[in-house]
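The values are calculated or read from the model by the stated rules, or taken from the named source; none is laboratory data. Since the structure is predicted, the reported quantities are computational estimates derived from the model, not experimental observations. Note that each Cβ is placed from the backbone with ideal geometry, even for glycine, and that neighbours are counted across all protein chains shown. Just so you know, the surface numbers come from the protein's heavy atoms only, side chains and all, with ligands and any DNA or RNA stripped out. Shrake-Rupley method; radii C 1.70, N 1.55, O 1.52, S 1.80 Å.
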Amino acid sequence: MAYQVTLIRDIYATVIHAEGAPQDPRASARVVFVCGSLMDPDMAAHVVGRRLALAPALAVGFSRGYADVGGKQMHFMRRDPGAVLPGMALLGLTDEELAKLEKFEQCPAVRQRTDLELRIGDAVIRAHTYLQKE
């Protein structure tokens, strides 16, 4: 099954989705912002077990940083006033898929879940993401 791209004209947002399964980010019950390997639709599908809808998104007030965790270099989102971090919004996750995603993100051992607002096209959407555990 191939991916399709749909433009949601009233907010000028593009959504990448499985054929015939477009999703409006404003109607998505669960939105998770990612800025690393999960930006790849196939990688996200591998982690959660199905093809998700994704939309390009901006996290205002965040940047990408790196830290050593147990001898391994990892990237993390960090709060950074004035910064803008591009990434993808994963849309329409179920509880089971969210649990798989949190396991992949090593939450709560390495990362912690936090809420944020994203810019997806012209819309501001409530979402959550994973920051380095404090």
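Taking segment 67-81 as the range and being open to solvent by 20 Å² or more (accessible area, probe 1.4 Å) and either touching a Ser or Thr at 6+ places or on another chain (Cβ under 9 Å) or closer than 20 Å to Ala55 by Cβ (or both) as the test, the residues that pass are Arg78, Arg79, Asp80. Within segment 44-57, the set of residues being surrounded by 15 or more Cβ atoms within 10 Å (Cβ to Cβ) and in contact (Cβ under 8 Å) with a residue 24 or more places away in the chain comprises Ala44, Val47, Val48, Arg51, Leu52, Ala53, Leu54, Ala55, Pro56, Ala57. In the set (1) at pLDDT 90 or above; (2) out of contact with any Cys (no Cβ under 9 Å at 6 or more places or on another chain); (3) surrounded by fewer than 18 Cβ atoms within 10 Å (Cβ to Cβ), the condition left unmet by Pro41 is number (3). Against the condition of a type outside the set (Asp, Glu), within 14 Å of the chain's Cα centre (by Cα) and not in a loop (DSSP other than H, G, I, E, B), how does Ala59 come out, does it pass? In short, yes. Considering segment 98-117, and only residues there that are out of contact with any Gly (no Cβ under 7 Å at 6 or more places or on another chain) and assigned to a helix (DSSP H, G or I), the residue that is most open to solvent (accessible area, probe 1.4 Å) turns out to be Lys103.
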